[in-house]
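A quick write-up on the structure given underneath.
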Amino acid sequence: MNALARRGPGTPVRFELADFEVDRVEATVSAATVLLLDQSSSMFHQGRWPSAKKVAMALQALIHGQFPRDRLFVVGFSDYAVEIRPEELPAAEPNVWQQGTNMQHALMLARRRLVREPAATRQIIMVTDGDPTAHLEDGESYFSYPPARKTIVETLKEVKRCTAAGITINTFMLARAPYLMQFVDYVTRINRGRAFFAEPGRLGDYVLVD
């Protein structure tokens, strides 16, 4: 293009050294991720929480250091879900005083956060060891174990809303409970995300490498 601008159209095109340039293009594709961390009491009693928190902190450091265009948010959930700020993550602990694994509320917060992000890729990574046993009714957490049918239905409705918004849900299961396996099967059918059975000690291999 420089040679044509210098000499005009026509053949042969005659080049000079000054015609050659390197056009450096920075990648502007970014990803926005919400990491959902199960903070229910089972994560503490089964010794799974330390591995999950280490992965969250490693993702935070990785994205901040190597992928500054990407965004990572962390949401913890037990009977309710709440966003965990970066400075709060090292001190975050499971909720051993309340019962409930409120995935519906967690997915809702993640979806509301991600729809505001102008990223090319928007995804949810959910790390959990339990099936959904709580959902919101009129703003209050309703708990039932085994999971109530309405809890499953309301949670899957939120999965559908995430899917409609173009948000991928990848689930890392730290247990093989029948209810959890069945629920995650429903999630992957609706959302087309992926599901992994992961040992707590190898969770970082899956998340950070895959």
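Derivation of every value follows stated rules applied to the coordinates shown; laboratory data play no part. Since this is a predicted model, take the numbers as computed values, not measurements. Note that each Cβ is placed from the backbone with ideal geometry, even for glycine, and that neighbours are counted across all protein chains shown.
May I ask you to work out the translational diffusion coefficient for the range 155-210 at 20 °C, viscosity 1.002 mPa s, via Stokes-Einstein with Rh from the Kirkwood sum over Cα pairs, reported in whole µm²/s? This corresponds to a translational diffusion coefficient of 180 µm²/s. Taking every DSSP beta bridge that has both ends in the range 99-210, the antiparallel portion is near 30%. In the chain, the longest principal axis of the Cα atoms and the axis of helix 178-191 are about 30 degrees apart. Calculated over the range 82-210, the projected area of the Cα convex hull averaged across directions stands at 8.7 nm².
Here's how it looks for Leu36: its modeled amide H is under 5 Å from those of Val75, Ile125, Met126, Val127, which are all 5 or more places away or on a different chain.
Using the Cβ-Cβ distance between Ala91 and Ala164 with R0 set to 45 Å, the FRET efficiency works out to roughly 0.80.
Can you list the lysines whose alpha carbon is less than 27 Å from that of Lys160, not counting same-chain residues fewer than 8 positions off? Candidates past the 8-residue exclusion: Lys150. Each helix, a run of at least 4 DSSP H residues, gives -39500 (n - 2.57); summed and divided by the residues of the chain, these come to -10500 deg cm²/dmol at 222 nm.
The angle separating the long axis of helix 103-114 from the principal Cα axis of greatest extent in the chain is about 20 degrees. Placing +1 on the Cβ of every Lys and Arg and -1 on the Cβ of every Asp and Glu, with no other charges, gives the chain a dipole of roughly 620 debye about its Cα centre.
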